[in-house]
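The values are calculated or read from the model by the stated rules, or taken from the named source; none is laboratory data. Remember, it's a predicted structure, so these values are computed and weren't measured experimentally. For neighbour counting, all protein chains shown are included, and Cβ atoms are generated from backbone atoms with ideal geometry for every residue, glycine included. Protein only, heavy atoms only, side chains kept; ligands, DNA and RNA dropped before computing areas. Shrake-Rupley method; radii C 1.70, N 1.55, O 1.52, S 1.80 Å.
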Amino acid sequence: MTKVGFTAVEKIFAAHSGGEPVHAGDVVVARPDRIMLHDITGALAFEIVASMGAKRLAAPDAVVLVGDHYSPPPSPEAARLLTQMEQFGRDMEVSHVFTTGQGIEHTLLPERGLLRPGDLVIGTDSHTCTAGAFGAIGTGMGSSDVAAAMALGEHWFMVPETIRAAYHGSRGRWVTGKDLILALLARIGVDGATYKCVEFAGSAINGLNMDERMALCNMTVEAGAKTAFVPPDDTLDAWARDKFPGEEDFAWVRSDDDAAFDAVLDFDAAAIEPLCAHPFSPANVHPVRQSVGVRIDQVYIGNCSNGTLTDLRQAAEILAGRKVAPGVRCIIVPATQRIHAQAAREGLIETLLEAGAIVGPSTCGACAGLHMGALGDDQVAVATTNRNYRGRMGAHSSQVYLANAWVAAASAVAGEIVHPDAVAGA
Amino acid sequence: MIEPTPRRNALPQVHLFGDDIDTDIIVPARYLTTRDPLVLARHCMEPLAPGFADRTAEGDILVAGRNFGCGSSREHAVLALRGAGISCVIARSFARIFFRNAINQGLPLMICPEAVDAAHDGGPIAVDPVAGAITIDGQVYQARPLPDFLLGIVSAGGLLPYVRERLARQEHPE
């Protein structure tokens, strides 16, 4: 079969590696527009940059340093990671430094106007694929790779194949971007998209707002994906014009109609119900209706996949006029300070606090069992985070169920996993 | 003072694991306030096999199923394995970020389902990462070869020496 057209990811890699057309499978040397590091993996990268003998960075303005995993720090060792980041920023003349609580990197990057459609972004965090929601290509790499890219201004990449995941029709009530990506994980498993780009399509995708698209792209790495992509549409156009007023020249990249996809997966959006990933894998997905009755100790609504204003509004919708069940810690973490402030203006924070929720600073925190809500032995949580591997959120015997903010909030009220209908009516 | 695990007076030993061994198992995030491989090694595989590094010796081989190293991008996972003395990982398949991280740290990886089938936990094994050869019970298995470019990075000791040399050439072009 002769291939004539190109996929979006092939076009973006071509544009960043000199302009000549590239094909999936090619190894190219590309210049990223943005290189993002966080406090944990950044610390290792800073050391490696120094050991490489780099006295300066190739493009300091491309670099974004975000202290989000341990922010504010729970220990002197964690505080040291932030000071090392700040020192590196000063030494290397990096201006985009966020170490004083501004928020979680993947939500912060687009919020602060540091991500544009068509960009190539690399980061020391595996969830850098979240950038795909903005018609850009983002991929997570290790500290050595990112150190090399900062020193040289470019790095080698193998251009990935693309899996197209098309969601047709309209979503039902209580179904979010989170459920669409859980449906994909249920179908293909934790290595079903290894080394590939997952490109989304279909009317149900167009129906997602930007927050929901971030949740969708964020968890593609849980299927092993290298990157994710949502093609530009009116929703992205409106976001870009609002974020960059006066600008007209955006790089709208789309796959050609005759591009070759490694696989095309079709989903009937109306048939997807609220889903829940059971311990100990993000692909151990079951309908929430079949997960009910599990007693819980904690609910966590936050993290880079689901700490957005949309998630806070969903949580407040359920918690308004209700109370968190006795004995349950309901921890809500807006992903950025600005989201937190906007939520306060909308009265959401008061609603959440009145219900008995804990509203925390914008940090990765308990998602990775770091701080602000770790789990003890045998404790069970429902979380809007993206991983539930053994020991992820704390004690090795603890268990995490992944679900959307509506399900998480409803479960907080019930004290056990429930479908939102059970709390907020059908 | 944490001592490195001494090499065995015998062939390296196999440490056998299953599918989807993720980076939260290889080294939980809350221990990542350090980059010291010997400190990280104390927590290597902790959620699944606490005290793993007490049972390994320098040069031992980790053998695993599919999708080894899935999850986070933390390069600390490779450091923890190195600190525990693991000199090579053989698996049915690897997750992509872990694969690059191992290459970059000079830790050889080999994809060889037949060798994984033949391996016994605790049994002796011999590996030649350059040739891609794995010997178990007198039988030699051939792993899928790494591209020369990647083998070059591993042989150089990792990405750091590679970039150091390239930057030095930039500073002083011949």
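Here are a few things to note about the model shown:
- Here segment A:99-162 and segment A:13-70 have alpha carbon centers that stand 8 Å from each other.
- Integer Hz, Karplus 6.51/-1.76/1.60 couplings in order for segment B:148-156, x for Gly and Pro: 3, 4, 6, 4, x, 5, 4, 5, 6
- Panel note: the C-alpha atoms of segment A:42-167, placed on their principal axes, show extents of 47, 31, 22 Å (largest first).
- Simple Cβ-charge dipole of segment A:250-393, Lys/Arg +1 and Asp/Glu -1, about Cα centre, in debye nearest 20: 700 debye
- Average silhouette area of segment A:147-253, convex hull of alpha-carbon atoms, in square nanometres: 8.5 nm²
- Farthest toward positive dipole pole in the protein assembly as shown [+1 Lys/Arg, -1 Asp/Glu at C-beta], among A:M372, B:G83, A:A344: A:M372
- Average other protein chain Cβ within 10 Å of Cβ, residues B:29-40: 5
- For a label point 7 Å along the Cα-to-beta-carbon line of A:A341, residues of segment A:82-126 with backbone N under 20 Å: A:96-115
- Taking the Cα centre of segment A:231-276 as reference, the dipole from Cβ charges on Lys and Arg (+1) and Asp and Glu (-1) amounts to some 240 debye.
- For residues of A:43-51, the mean tally of beta carbons on other chains within 10 Å: 3
- Extent along the principal axes, Cα only, for segment A:233-378: 55, 39, 30 Å, with the longest axis given first.
- P(r) of segment A:15-109 over all Cα-Cα pairs, binned every 5 Å from zero, in whole percent: 3, 13, 21, 21, 15, 12, 8, 5, 2, 1
- Distance cut-off 22 Å, percentage of C-alpha pairs in segment B:21-112 lying past it: 12 percent
- For the pair segment B:126-159 / segment B:1-70, the C-alpha centres are spaced 20 Å from each other.
- Long-range tail of P(r) for segment A:107-208 (Cα pairs > 18 Å, %): 56 percent
- Across every pair of non-identical alpha carbons in segment B:90-136, the mean reciprocal distance, once inverted, gives a Kirkwood radius of 11.5 Å.
- Cross-link check: pairs A:K55/A:K196; A:K178/A:K243; A:K55/A:K243; A:K55/A:K226; A:K196/A:K243; A:K243/A:K323 evaluated at a Cα-Cα cut-off of 26 Å; pairs beyond the cut-off: A:K55/A:K196; A:K55/A:K243; A:K55/A:K226; A:K196/A:K243; A:K243/A:K323.
- The label point for A:V294 and the one for B:D137, both projected 7 Å from the Cα toward the Cβ, are 3.9 nm apart.
- Under a 5 Å amide H cut-off, with hydrogens placed 1.01 Å from N, A:C330 pairs with A:V299, A:I358 among residues at least 5 apart or on other chains.
- On the principal axes of its alpha carbon atoms, segment B:1-158 extends 41, 33, 29 Å, with the longest extent given first.
- Both numbers refer to the Cα atoms of segment A:210-254; Rg and Dmax are 12.5, 38 Å.
- Residue order for A:T100, A:T83, A:T385, A:T235 - accessible surface, 1.4 angstrom probe, largest first: A:T100, A:T83, A:T235, A:T385
- Per-peptide packing, taken as the mean over residues of other Cβ atoms within 10 Å, places B:130-137, A:128-135, A:10-17 in the sequence A:128-135, A:10-17, B:130-137 from highest down.
- Cα radius of gyration and Dmax for chain A (Å): 20.6, 63
- Along segment A:57-72 the Karplus relation, 6.51 cos²θ - 1.76 cosθ + 1.60 evaluated at θ = phi - 60°, assigns HN-Hα couplings of 8, 5, 9, x, 6, 7, 8, 10, 10, 10, x, 10, 5, 10, 10, x Hz to successive residues, with x for each Gly and Pro.
- Restriction of the trypsin sites (Lys or Arg not before Pro) in segment A:132-241 to DSSP coil positions whose beta-carbon has at most 11 other beta-carbons within 10 angstrom yields A:R173.
- Note on segment A:204-278 and segment A:287-366: Cα centroid distance 25 Å, given to the nearest whole angstrom.
- Ordered by 1.4 Å accessible area with all protein chains kept, A:E154, A:E47, A:E105 run largest first as A:E47, A:E154, A:E105.
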